[in-house]
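The values are calculated or read from the model by the stated rules, or taken from the named source; none is laboratory data. Nothing here was measured: the structure is a model prediction, and the numbers come from that model. Heads up, the Cβs are rebuilt from the backbone with ideal geometry, glycines too, and the neighbour counts pull from every protein chain shown. Calculation scope for accessible area: heavy atoms of the full protein, side chains included, ligands and nucleic acids excluded. Shrake-Rupley method; radii C 1.70, N 1.55, O 1.52, S 1.80 Å.
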Amino acid sequence: MSAMALRSLNLPGIGTKYEIETDKGDTIAVFFTKTGTIQMYTLQKDSQTPSAAVMTPVEARRLGNILTGAIIEADQESVEIAFSALADLRITIHTYFIPKSITGRTIEDLQIRAKTGATIIAVCRHDKNIINPPPTFAFETGDAALVIGESDQIKKFEREIMVE
Amino acid sequence: MEGFIIALFVCLVLALISKYLSVPAIPFYILAGIVLGQAGLGIVESDKVSTFFSDMGLLFLLFFMGLEMKLDRIIANPSKVLTGGLIGLTVDMGIGFIAAYLLGFTLMEAFVVGAAFYITSTAIVITSLIENRKLMSREAETIIWVTVFEDLVLIIILAVLSASDQNLLLFFVKVALALAFIYAISLYGKEFLISILERNDEIPILFTFAAVLTTASVAIYLEIPETLMVIALGAAFAITDPDAFEQHARPFRDVFMVMFFVFFGVTIDFVSGIDWFVVAIICTLAILSKLISGMIIGLVIHGSTLSGLEIWANMISRGEFSIALAVLYGSPIIATTIAIMVIVTSIVGAFTAKYSTWMRRGIISHSRKKALMYRPHGGK
């Protein structure tokens, strides 16, 4: 079977078009228009009229995150990046809001890396970002932590650290 | 000056209404101009200020057209651009020119009317394709390439019309030198231009404005058409960072273009012997000729009359370029004729573009019913 065909095209005045034909013969087209919106069309095999959805960039990014298969919850986001050149290495970056249970505890003390393998790469506190927090960094309620790791490590982090 | 402010305010309201109804605003701006101007209430008069703004509108419209013109892409897909484009040019320009000539315009006037009759409004077509969510249809791509071809033809038309009353050799030498100069600046000054555009202060926007105006005034000084030079400037700048230039030129274009349409309407005068019969024929033909060219394009490129119908439904609207031709080369009677043609076609075009899917579905289900009825052993 042929692999999915991805076609990209720059249309003058409109923007960029990406089109994928799936193995089952359906077609999906995405347009990044110059007006700043993103339009996604799906066309079922043997059908004439596509259906369309118009999205803002933020909505499109959300949809993209869902499609990559990353874990998504209502107010927490995650992005999964697949590096096909590195034997399909899939790295997930996930945001978590720090619960009361671990407020006041440090990264060292929670043994995050030893227990889960995931790493905290940034914490957002009162709209300020602390990049690469040291092991002595203590969490506060309301902090948003950005955790990076393989998908299994992230799941472990969620099970073992977030509910402690 | 009060008139100018009134016009501006009316346009603001009209823009809001047209956005709310999602229909093109261009016909409403022209109508507003006609109502407020000498043909209507006479509240707004064109003066030095308004003329300046209108001129700016035209310059920035053409500068934008140059920026969007990606010659490399046309060279990469010549067949796509040429097939549809040439059909449109022959059919629409042909019908427009012959009709205008037979209706009593002189050869030169018929050429201007024919050109305005031929050229579709890229602005309306592109916006309606996006707003009516038709980008995926296979006809959409064909339509876009046809409008790209039309832009190229417009440049040739502008060159022909402005060269017609000059010493040709001198004219072409001056134009060639100016083009070479503009191109050399953007090629050798590419790094410098990009560094200017990347700044976060007022420099990029000031630079864009100054570049367009300087080019236009130098062209006027050299007695070569400023319209062509501004398009060339856009096309040359497109090799640096066209998106940044578009971003900085957009506010100027958006405001000045509205003024350009309104004050075009203001200068329209119905009393100077306009023949309504001629205008009605031109408007009807303007819609019919796009049906013919659309059908041929649909059959040749997609092998389907339904595709032809879709192309027609989306390409009826004439707009900014037709008016530009009227402003630059039209007598008052031509200007009035083109104004009415733009208003009629853009309003009709807005409806056909919106309801074409519905129209298409109606035709398909109708022909299916017919097929069922004629099936010898079908039904009861």
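When B:19, B:174 are compared by accessible surface with a 1.4 Å probe, the order from highest to lowest is B:19, B:174.
Rounded to the nearest 500, what is the 222 nm mean residue ellipticity of chain B from helices alone, with -39500 (n - 2.57) per DSSP H run of 4+ residues and division by all residues? It lands at -26000 deg cm²/dmol. Mean sequence separation of contacting Cα pairs (under 8 Å, at least six apart), scaled by the length of chain B, corresponds to a relative contact order of 31 percent. Chains A and B together bury roughly 1800 Å² of accessible surface, counting both sides and using a 1.4 Å probe on protein heavy atoms. Accessible surface area normalised per residue over the protein assembly as shown is 51 Å², counting heavy atoms of protein chains with a 1.4 Å rolling probe.
Among A:117, A:13, A:149, the largest mean-square fluctuation in a Gaussian network model of chain A, built with springs joining Cα atoms closer than 10 Å, belongs to A:13. Taking A:93, A:102, A:148 as the candidate residues, the one with maximal mean-square fluctuation in a Gaussian network model of chain A, Cα springs under 10 Å, is A:102. Could you calculate the FRET efficiency of residue B:247 with residue B:90 from 1/(1 + (r/R0)^6), where r is the beta carbon distance between them and R0 is 45 Å, rounded to 0.05? Efficiency, from the Cβ-Cβ distance: 0.75. For the protein assembly as shown, with all protein chains in place and a probe radius of 1.4 Å, 65% of the accessible heavy-atom surface sits on carbon or sulfur. What do you get for the angle between helix B:122-131 and the principal long axis of chain B? Use alpha-carbon atoms, 0 to 90 degrees, nearest ten. Tilt relative to chain B: about 60 degrees.
Size descriptors for the range A:5-67, from the alpha-carbon set: Rg then Dmax equal 12.0, 32 Å. Taken over the Cα atoms of the protein assembly as shown, the convex hull encloses 237 Å³ per residue. As a calculated quantity, the FRET efficiency between residue B:254 and residue A:111 at R0 = 45 Å, using C-beta atoms, amounts to about 0.20.
Partner shielding of A:42-48 amounts to 1, given as the average count of beta-carbon atoms from other chains within 10 Å of each residue beta-carbon.
Connecting C-alpha atoms closer than 10 Å in a GNM of chain B, tell me which of B:87, B:343, B:281 has the biggest fluctuation. Of B:87, B:343, B:281, the most mobile in the Gaussian network model is B:281.
When B:283, A:124 are compared by accessible area of protein heavy atoms, the largest-first order is A:124, B:283, using a 1.4 Å probe. What the phi angles of the range B:17-31 give under the Karplus curve with 6.51, -1.76 and 1.60, with θ = phi - 60°, is a coupling list of 5, 5, 5, 5, 8, 6, 10, x, 8, 3, x, 5, 4, 5, 4 Hz, glycine and proline written as x. Taking all protein chains together and a 1.4 Å probe, the residues B:142, A:95 rank A:95, B:142 from largest to smallest accessible area. Treating the angle as unsigned and between 0 and 90°, give the value, to the nearest 10°, between the Cα long axis of helix B:138-163 and the longest Cα principal axis of chain B. That helix lies at roughly 40 degrees to the long axis.
The angle between the Cα long axis of helix A:151-160 and the longest principal axis of the Cα atoms of chain A comes to about 40 degrees, rounded to the nearest 10. Where in chain A is the longest stretch that carries no trypsin sites (Lys or Arg not before Pro) classed as loop by DSSP and with at most 10 other Cβ atoms within 10 Å? Answer from the scan: A:46-164.
Peptide A:25-35 has a mean shielding of 2, counted as Cβ atoms of other protein chains within 10 Å of each residue's Cβ. The value of relative contact order for chain A, using C-alpha pairs under 8 Å at least six residues apart, is 14 percent. Only helices enter the 222 nm calculation for chain A: every DSSP H run of n ≥ 4 contributes -39,500 (n - 2.57), and dividing by all residues gives -4500 deg cm²/dmol, rounded to 500. Considering only B:251, B:359, B:121, and ranking their Cα positions along the charge dipole of chain B that arises from unit charges at the beta-carbon of Lys, Arg, Asp and Glu, the one farthest toward the positive end is B:359. Magnitude of the charge dipole for the range B:54-374, about its Cα centre and with charges confined to Cβ atoms of Lys, Arg (+1) and Asp, Glu (-1), is about 1520 debye.
Within the shell of other residues whose beta carbon sits under 11 angstrom from the beta carbon of residue A:67, the net charge comes to +1, with Lys and Arg scored +1 and Asp and Glu -1. Counting Lys and Arg as +1 and Asp and Glu as -1 over every other residue whose Cβ lies under 10 Å from the Cβ of residue A:91, the net charge comes to -1. A DSSP coil position with no more than 14 other Cβ atoms inside 10 Å describes the following GluC sites (Glu not before Pro) in the range B:222-301: B:223. Taking one quarter of the surface of the C-alpha convex hull of the range B:54-374 gives a mean projected area of 18.5 nm². Computed with the Debye formula from one identical point scatterer per Cα of the range A:78-160, without solvent, the log10 of I(q)/I(0) at q = 0.10, 0.13, 0.18 Å⁻¹ comes to -0.24, -0.40, -0.73.
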